[in-house]
Amino acid sequence: MNRHQIILDILNKVKYIEVLDLCKQLNVSAVTIRKDLTLLEAKGLLFRTHGGASLENPYINEKEVNEKEKISVEEKNGIAQAAAKLIDENDSIMIASGTTVQALAKFITPKNKLTAITSSLHVVLHLIKHKNIEILQLGGYVRHSSASVIGSYAAQILENVSCSKLFLGVDGIDLDYGLSTTSLEEAQLNKKMLISAQKTIVLADSSKFGKKSFAKICGIEQVDQIITDSGISSSLVKKLQERGIIVTIVD
């Protein structure tokens, strides 16, 4: 099997990989790997990213929430289950928008009382089944593609609340660019959420790494914990941990 095919086989398993990882696995120089990636990109077989490669376009276009729900379903459910275990008795949490944090709402079984603040309409529909969950639904304009609230009204409410944890979904995670989403208004609301929470926990399947979207939410240094699946590369995990981020990997 030639080196190019090996690279493609690796990417089929991990979705995104860095040049240094490929160097170690194939025992060749970074210059050689970069040439390989350039050739494979020219053939339309992968996308180059800053310091790595992906089978998917690293620049994200907006997708409807119903379409996104069908992507990486098993991974999202595993991530959501791990995140639900972090919710304490009598906790106060914030849940942003996105299909992974929406999955989280399905697995929440509150211990005693729980207070939940959310911008997502789908999250509310899941949580409202539990009588011991006090829900604060943020108000404002509803973004159709994500079925979530955006705008200054929601931001104003957040100025008067505080919670222990923010569960944040994103469209892209890049070590240099940070966390991003396709909507500038959603990114601005996410920034307010970060301020209102003591701890930020990002729920993202491994396909989100090495990608960036139009609107930056924050730098990677503002994240406390990331929950993802086993498709993430070991070197990327190490780099995140070196920045003080707890990385939880679900099978």
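The aspartates and glutamates whose alpha-carbon is closer than 17 Å to the alpha-carbon of LYS113, local same-chain residues fewer than 8 away aside, are ASP88, GLU89, ASP91, GLU134. Annotation: LYS111 carries an accessible surface of approximately 120 Å², with a 1.4 Å probe and no ligand, DNA or RNA atoms counted.
Dipole size of the range 133-222 about its Cα centre, with +1 on Lys/Arg Cβ and -1 on Asp/Glu Cβ: approximately 20 debye, rounded to the nearest 20. Candidates ILE201, LEU86, SER233 compared by Cα position along the dipole of the chain: farthest toward the positive end lies SER233, with charges placed on Cβ.
With loop membership from DSSP and a limit of 11 other Cβ atoms within 10 Å, the longest segment of the chain without GluC sites (Glu not before Pro) is 160-251. Taking the 1.4 Å solvent-accessible surface of the chain as the whole, the part contributed by carbon and sulfur is 50%. Ranking ILE249, CYS218, VAL170 by how far each Cα lies toward the positive end of the dipole of the range 147-251 (charges on Cβ) leaves CYS218 at the top.
For the chain, modelled as a GNM whose springs connect Cα atoms under 10 angstrom apart, the maximal fluctuation among GLY172, GLY98, GLY51 occurs at GLY51. When the alpha carbon coordinates of the range 141-244 are projected onto the principal axes, the ranges are 41, 28, 21 Å, largest first.
Which pairs in the list LYS76/LYS131; LYS85/LYS199; LYS208/LYS239; LYS129/LYS199 are over 21 Å apart, alpha-carbon to alpha-carbon? Over 21 Å apart, Cα to Cα: LYS76/LYS131; LYS129/LYS199.
Stretching the chain fully between GLN188 and LEU55 yields a gain of 45.0 nm (0.36 nm per residue, less the alpha carbon separation). So what's the angle, to the nearest 10 degrees on a 0 to 90 scale, between helix 3-14 and the longest Cα principal axis of the chain? Long axis of 3-14 versus the principal axis of the chain: about 10 degrees.
Surface exposure of the chain, expressed per residue as accessible area with a 1.4 Å probe, stands at 48 Å².
What FRET efficiency do you get for ILE6 and LYS106 if R0 is 35 Å and r is their Cβ-Cβ distance, rounded to the nearest 0.05? Efficiency, from the Cβ-Cβ distance: 0.35. Inter-label distance, LYS13 to SER162: 4.7 nm, where each label sits 7 Å from its Cα along the C-beta direction. Evaluated with a Cβ-only charge set (Lys, Arg +1; Asp, Glu -1), the chain carries a dipole of roughly 140 debye about its Cα centre, given to the nearest 20. All C-alpha pair distances within the chain, sorted into 5 Å bins from zero, spread as 1, 6, 14, 18, 18, 15, 11, 7, 5, 3, 2, 0, 0 percent across the bins. The simple spin-label model puts a point 7 Å past each Cα toward its Cβ; for ASN77 and SER145 those points are separated by 2.8 nm. Computed from label points 7 Å out along Cα-Cβ, the spacing between ARG34 and LEU20 is 1.5 nm. Each of ASN160, ALA53, ILE10 was scored by the projection of its Cα onto the charge dipole of the chain, and the greatest displacement toward the positive side belongs to ILE10; charges sit on the C-beta of Lys, Arg, Asp and Glu.
Rank LEU46, LEU55, LEU125 by mean-square fluctuation in a GNM of the chain with C-alpha springs under 10 angstrom and give only the top-ranked residue. Sorting by GNM fluctuation, first place goes to LEU125.
The values are calculated or read from the model by the stated rules, or taken from the named source; none is laboratory data. Small disclaimer: the values here were computed from a predicted structure and weren't measured. With ideal geometry, Cβ positions are generated from the backbone for all residues, glycine too; neighbour counts draw on all protein chains shown. These area figures cover heavy atoms from the full protein model, side chains too; ligands, DNA and RNA do not enter into them. Shrake-Rupley method; radii C 1.70, N 1.55, O 1.52, S 1.80 Å.
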